[in-house]
């Protein structure tokens, strides 16, 4: 669901003049440290003339110091029938502050904003990127946009990227005295300035002299430490729809009454089909499962973002007829099917993505959320459904929507709910393998792997692919020399706790290396730690681990009779607050057993523990590369 391109500045502004000093030498020296770009000045004005007439203006000057900052020079403007660009121009300056080029609207690329999985969207985008090869340079641009809606306003983010410093940035919001603006400041040290001029209210925010932040691995969501201001109306107009809300309860009721109500009507034939489908099933949850699987078999996901489609689902009858829909349409359609069987369900707004992000519980805004899922509030057994995936098991939410606050839109209003959480020990990858080593170093054997929790879909790229393509993917996943996959069984067990099972028979030529009568055998051929965690001093952010997991590997090597163990690497055991690791090797006659356990614990840890995390990964990488030394008899 595209709940507005909130990250995109809908902007405009004052006249570009050559009077300002854009020489790089004028930038305060303290702002050059770690900076790839410096925002010299950004002045944004949002003016509400009436609920369906809003003007956006911004003038922005940004100096690009190196190629690492080029993305910051790109000007991106989204527009549609409801949001139109009125003026647009800019100038490029060299390091001495002298103008070298001008650009206007005709110099922008104009293209559809359709993403690669969308059937149709009515949004378009204009993009300009300076053709600059000499650094540093400065881009100054200004534009004006008229919007015929006041339902949503973009958040103000003076700096949104690491490596960008800022001299000055300001936001002014002007509206009639009768217009009530809600605002939330995040990491803003000042207070909003409020003034009145005749029949207008003016809200002002300003920040100055912000040094560039460096990229710090394992950092929390940028919203936790970067400055921003969220804006939302109490009363609004959007494409002929008017409404008001000041909290999630009111927002959820508005959504239900204005965008969902009446869109769950199904053809009588479909209603009869649903009733017949579950006629002999007494348990409501089992009925829901049957209906969900019917929906999965019948429909496919295609994004549809046209008209008010960014917010409102297509009618259930249309999805029933066409057999496709976006997340909103498919959730609404599933709700309608369940309603035909007298099963209650809730349309839920979620911030989807592998990085967990809550719907802000204390600030209701239609900007919050980018996806829709379904909640079935069975008594003592709340069930969640992802309706855009034809293969996901009933009642299972994976890493895309797990463990976060969402908004359920109900007839009684919005309710903040929490999606299921998996512990580290539930996000399991359990692998057992038996290997036979030959005297010339070849390896063959069988590997069985179970994937559970948010690791359930680790190898989903294999599902439904021809054997040849599966082998191609597996050789990338398991980088063993001259890997030959002889058999593969890949299946999904869609139980209450679903499991993916992967069985492989293989051979690998010259897996172990030979040198001067000795063989060197890598004990961990399948699951070596590849992550490199860079060291850093004077870290600013706490250590944040977004999701925990558990990997357990047991490999049994059957050695040939003419090989004797000469050197056995020591066992490794590491215990830290954020995780634990062990790697043990036991030799019993001609069999060598390697057992590895790696667990990462999600959570937030003091920044002082970051060096321990760096060493944790370094020690694991070293242990994962341990080799057994065998002597030829």
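The values are calculated or read from the model by the stated rules, or taken from the named source; none is laboratory data. Given the structure is predicted, the values throughout are model-derived calculations rather than measurements. Positions of Cβ are generated from backbone atoms using ideal geometry, with glycine treated the same way; all protein chains shown enter the neighbour counts.
Here residue 366 fits the description: closer than 27 Å to residue 185 by Cβ and assigned by TED's automatic domain parsing to the domain that holds residue 413.
Go through segment 563-579 and give me each residue that's free of Cβ contacts under 8 Å to residues at least 60 places away in the same chain and within 19 Å of residue 522 (Cα to Cα). Steps first, answer last, please.
In the first step, residues of segment 563-579 are kept if they are free of Cβ contacts under 8 Å to residues at least 60 places away in the same chain; the result is 569-579.
The answer is 569, 570, 571, 572, 573.
Residue 84 meets each of the listed conditions (1) modelled with pLDDT of 90 or more; (2) more than 30 Å from residue 203 (Cβ to Cβ); (3) loosely packed, with under 14 Cβ neighbours inside 10 Å apart from (2).
Every residue, every condition in (1) surrounded by fewer than 18 Cβ atoms within 10 Å (Cβ to Cβ); (2) in the same structural domain as residue 518 (by TED's automatic domain parsing); (3) part of a helix (DSSP H, G or I), yes or no:
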site: 561; (1), (2), (3): yes, yes, no
site: 582; (1), (2), (3): yes, yes, no
site: 586; (1), (2), (3): yes, yes, no
site: 595; (1), (2), (3): yes, yes, no
site: 608; (1), (2), (3): yes, yes, yes
site: 613; (1), (2), (3): no, yes, yes
site: 618; (1), (2), (3): yes, yes, yes
site: 621; (1), (2), (3): yes, yes, yes
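Of everything listed in (1) modelled with pLDDT of 95 or more; (2) more than 23 Å from residue 416 (Cα to Cα); (3) not in a helix (DSSP H, G or I), the single unmet condition for residue 273 is (3).
Residues are listed down the side, and each one gets a yes or a no for (1) free of Cβ contacts under 8 Å to residues at least 60 places away in the same chain; (2) on the phi > 0 side of the Ramachandran plot; (3) within 27 Å of the chain's Cα centre (by Cα):
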site: 453; (1), (2), (3): no, yes, yes
site: 456; (1), (2), (3): no, no, yes
site: 483; (1), (2), (3): yes, no, no
site: 493; (1), (2), (3): yes, no, yes
site: 496; (1), (2), (3): no, no, yes
site: 528; (1), (2), (3): no, no, yes
site: 536; (1), (2), (3): no, no, yes
site: 543; (1), (2), (3): no, no, yes
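For segment 93-113, check the following and say yes or no: at least one residue is surrounded by 21 or more Cβ atoms within 10 Å (Cβ to Cβ), modelled with pLDDT of 95 or more and closer than 30 Å to residue 212 by Cα. The answer is yes, given that some residue of segment 93-113 is surrounded by 21 or more Cβ atoms within 10 Å (Cβ to Cβ), modelled with pLDDT of 95 or more and closer than 30 Å to residue 212 by Cα.
Among residues belonging to segment 499-536 that are part of a loop (DSSP other than H, G, I, E, B) and out of contact with any helix residue (DSSP H, G or I) (no Cβ under 9 Å at 6 or more places or on another chain), point out the one that is nearest to residue 392 (Cα to Cα).
Quick first cut of segment 499-536, residues part of a loop (DSSP other than H, G, I, E, B) only: 509-512, 516-517, 523-536.
Imposing the further condition that a residue be out of contact with any helix residue (DSSP H, G or I) (no Cβ under 9 Å at 6 or more places or on another chain) reduces the set to 509-512, 516-517, 525.
Working: 509: 37, 510: 39, 511: 37, 512: 40, 516: 53, 517: 52, 525: 30 Å.
Once the filter is applied, the top-ranked residue is 525.
Confirm whether residue 389 is modelled with pLDDT under 95 and either in contact with a strand residue (DSSP E or B) (Cβ under 6 Å, 6 or more places away or on another chain) or more than 30 Å from residue 483 (Cα to Cα) (or both). Let's see the steps before the verdict.
Numbers: modelled with pLDDT under 95: yes; either in contact with a strand residue (DSSP E or B) (Cβ under 6 Å, 6 or more places away or on another chain) or more than 30 Å from residue 483 (Cα to Cα) (or both): yes.
Yes.
A search for C-beta distances below 8 Å between a residue of segment 208-227 that is assigned by TED's automatic domain parsing to the domain that holds residue 536 and at positive phi and any residue that is modelled with pLDDT of 95 or more and part of a strand (DSSP E or B), counting only pairs 6+ apart in sequence or on different chains, returns nothing. Only one entry of 387, 409 meets the criterion of being crowded, with 21+ Cβ neighbours inside 10 Å, over 15 Å from the mean Cα position of the chain (by Cα) and not in a loop (DSSP other than H, G, I, E, B), and that entry is 409. Condition first: more than 11 Å from residue 200 (Cα to Cα) and over 28 Å from the mean Cα position of the chain (by Cα). Now tell me which residues in segment 172-190 satisfy that. Answer for segment 172-190, where residues must be more than 11 Å from residue 200 (Cα to Cα) and over 28 Å from the mean Cα position of the chain (by Cα): 172, 180, 181, 189, 190.
Tell me the residue from 82, 49 that is touching a strand residue (DSSP E or B) at 6+ places or on another chain (Cβ under 8 Å) and under 25 Å from residue 112 (Cβ atoms), please.
Details: 49 fails: under 25 Å from residue 112 (Cβ atoms).
Selected residue: 82, the only one of 82, 49 that is touching a strand residue (DSSP E or B) at 6+ places or on another chain (Cβ under 8 Å) and under 25 Å from residue 112 (Cβ atoms).
How many residues are more than 28 Å from residue 402 (Cβ to Cβ) and out of contact with any strand residue (DSSP E or B) (no Cβ under 9 Å at 6 or more places or on another chain) when one looks only at segment 541-566? Show your work before the answer.
First pass over segment 541-566, keeping only residues more than 28 Å from residue 402 (Cβ to Cβ): 555-566.
When the remaining residues are screened for being out of contact with any strand residue (DSSP E or B) (no Cβ under 9 Å at 6 or more places or on another chain), the result is 561.
Going through segment 541-566 one residue at a time, the tally reaches 1.
Just one of the numbered conditions (1) assigned to a helix (DSSP H, G or I); (2) modelled with pLDDT under 95 is not true of residue 243: (1). Taken over segment 77-113, residues that are closer than 21 Å to residue 147 by Cα and touching a residue at least 24 places away in the same chain (Cβ under 8 Å) amount to 15.
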